[in-house]
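Nothing in this text is a laboratory measurement; each read-out follows from the coordinates by a stated rule. This structure is a prediction, so every number in the text was calculated from the model and none was measured. Glycine gets a Cβ as well: all are built from the backbone with ideal geometry, and neighbour counts include every protein chain shown.
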Amino acid sequence: MFNLHIVPGKLTLQDLRRVRNEQTFVTLDESAVEKIDKAQKTILKIVDEDKTVYGVNTGFGLLANTKIKKEDLEDLQRRIVLSHSAGMSDYISDATVRLMMILKVNSLSLGYSGIRLKVIETLMELVNKEVYPCVPKKGSVGASGDLAPLAHMSAILLGYGYVRYKGEILKAKEGLKIAGLEPIHLGAKEGLALLNGTQLSTTFGLEGLFYAEDLFASAIVTGSMCTEAVLGSRAPFDERVHTIRGHQTQIDTAKMYRDMLDDQSDISLSHVNCDRVQDPYSIRCQPQVMGACLSQIRNSADTLLTEANGVTDNPLIFVDEQDVISGGNFHAEPIAFASDNLALAISEIGALSERRMALLVDKHLSQLPPFLVNNGGINSGFMIAQVTSAALASENKALAHPSSVDSLPTSANQEDHVSMAAYAGRRLKDMAENTAGILGIELLAAAQGMDFRAPNKSTCNIENAKQLLRDEVSFYEEDRYFTDDIEKAISIVSSGVYNKFLDKNLIPSF
């Protein structure tokens, strides 16, 4: 259980990674209460004075010019939640819902939304009791916020929709009862404050970031193992090479490889006097390619963390000036770009790994048995595993097409440009699964190649990394049902176990 104490606007990437991965008990810092209450009183004052303010006592979107009677304001907020609960497809996971809800609590608690503390506390209590709204994964275009997904999250508070509790789907009122709660009645602007915001797009982006970081770490390990297996040179990782180019991410990445290849191994000493002049790019240019991926990871991390700690609903309440300003912070273009850039990184991590895998099975380049198996011919070895890698890498190329360049107008052209940030982030999971498959296959192949170099051994770090695989998968002596081996290797790659081989200060959320 992760105990998260929210000081609004101060969440860290480490916090968010833990919320994504662990059951969370959340509390709110007392310092937030005064700002929340003041903003809510500003809304009450507007209602009492019968001023016309968008989202408080008007319709929404193209209906913004329709004034709503005071006695209908509660019904207005209820109706917007119900009408906007229009998502479709499978429900997102409990872990994703939990992170989305924490982001919403953080944003609302900054005190610019005009929502009651009670509403925020209800969201927190659902998280604490592990009662998670059922939220369909499709239906957001990432502008005016993630309206449909956040409506499904919010409908639970009113007693509508469904929840998941310990894997069981229940009606909303049953879930509220488990959490010790009653359905609430929304006040002026509260429905809109809950629905406006980029919390699901940001959650999908953050999940993509965490996937990318874990894949990056695994790729450093498998790439180092592959370098040893094919008798690659250590010279391309020399600090001087990268310092004179100047890219900090390339410099940092080269250091990661040097940390893995931290001393002269038996394998490296075995080919000191070989006649090979240069290694193929997939070996020699690893710091350059992976360093470029790290640039995208770090840039995206900065954008996502800023968004996670920002206010993205509309309109916004500025208590000191008693201003209510209608703006566009719900437009998730920064998140769409961040997710698109993560897609590039995830795709390229896999593409480079697939090329190393192809190198390993090519006897002319690797100086290893064809397809990494003895008695080739009767044994096919890693032949089709490499084909699978190629299929996954090719699929990622299509998935990497930027979502942010697409836009379809909504709300009768009132909302005439949208970000598509939700899909930009959501597709990162599929891409990450593909790249984990590629890396898992490379891990098997690199370990197999290293075993063919016996009795020569590699460095302690690389041998330890290889042993984590060998504890689960034995040497490929002859053809066997291969997919079981691949699944075990994918599990290792995806688990984050290889993160420990990297300097945690060099990866944003480690």
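Key figures
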{"quantity": "Alpha-carbon centroids, segment 418-470 and segment 270-311: separation in whole Å", "calculated": "15"}
{"quantity": "Residue-averaged [θ]222 nm for the chain, counting only DSSP H segments that reach four residues, each worth -39500 (n - 2.57)", "calculated": "-17500 deg cm²/dmol"}
{"quantity": "Rg/Rg_ref, segment 392-484, where Rg_ref = 2.2 N^0.38 Å and atoms are Cα", "calculated": "1.74"}
{"quantity": "Vicinal HN-Hα couplings computed from phi for segment 76-91 (Karplus, 6.51 cos²θ - 1.76 cosθ + 1.60; Hz; Gly/Pro x)", "calculated": "4, 5, 5, 5, 5, 5, 5, 5, 8, 7, 10, x, 8, 5, 4, 6"}
{"quantity": "Square roots of 5 times each gyration tensor eigenvalue, C-alpha, segment 183-266, largest first, Å", "calculated": "47, 15, 8"}
{"quantity": "Virtual spin-label span in nm between F25 and Q264, 7 Å along Cα→Cβ", "calculated": "5.6"}
{"quantity": "Largest-first principal axis extents of the Cα set of segment 437-498 (Å)", "calculated": "30, 29, 18"}
{"quantity": "Relative counts (whole %) of C-alpha pair distances in segment 2-197, using bins that are 10 Å wide", "calculated": "9, 36, 38, 15, 2"}
{"quantity": "Per-selection Rg to Rh, segment 324-391 - Cα, Kirkwood hydrodynamic radius", "calculated": "1.42"}
{"quantity": "Projected area averaged over orientations for the chain, convex hull of C-alpha atoms, nm²", "calculated": "25.6"}
{"quantity": "Simple Cβ-charge dipole of segment 2-197, Lys/Arg +1 and Asp/Glu -1, about Cα centre, in debye nearest 20", "calculated": "300"}
{"quantity": "Acute angle (nearest 10 degrees) that the helix 33-49 long axis makes with the longest principal axis of the chain, alpha-carbon atoms", "calculated": "40"}
{"quantity": "Kirkwood Rh in Å, taken over all unlike Cα pairs in segment 31-119", "calculated": "15.0"}
{"quantity": "Residue-wise HN-Hα coupling along segment 145-159, computed from phi with Karplus coefficients 6.51, -1.76, 1.60 (Hz; x: Gly, Pro)", "calculated": "x, 8, 4, 5, x, 5, 5, 4, 4, 7, 4, 4, 4, 8, x"}
{"quantity": "Calculated Rg and Dmax of segment 272-314 using C-alpha coordinates, Å", "calculated": "19.5, 68"}
{"quantity": "Where only alpha carbons of segment 95-235 are counted, the Rg and the Dmax (Å)", "calculated": "20.0, 69"}
{"quantity": "Cα long-axis angle, helix 248-260 against the chain (0 to 90 degrees, to the nearest 10)", "calculated": "50"}
{"quantity": "Segment D362-E433, extension gain: residue separation times 0.36 nm, minus the distance between their alpha carbons", "calculated": "23.0 nm"}
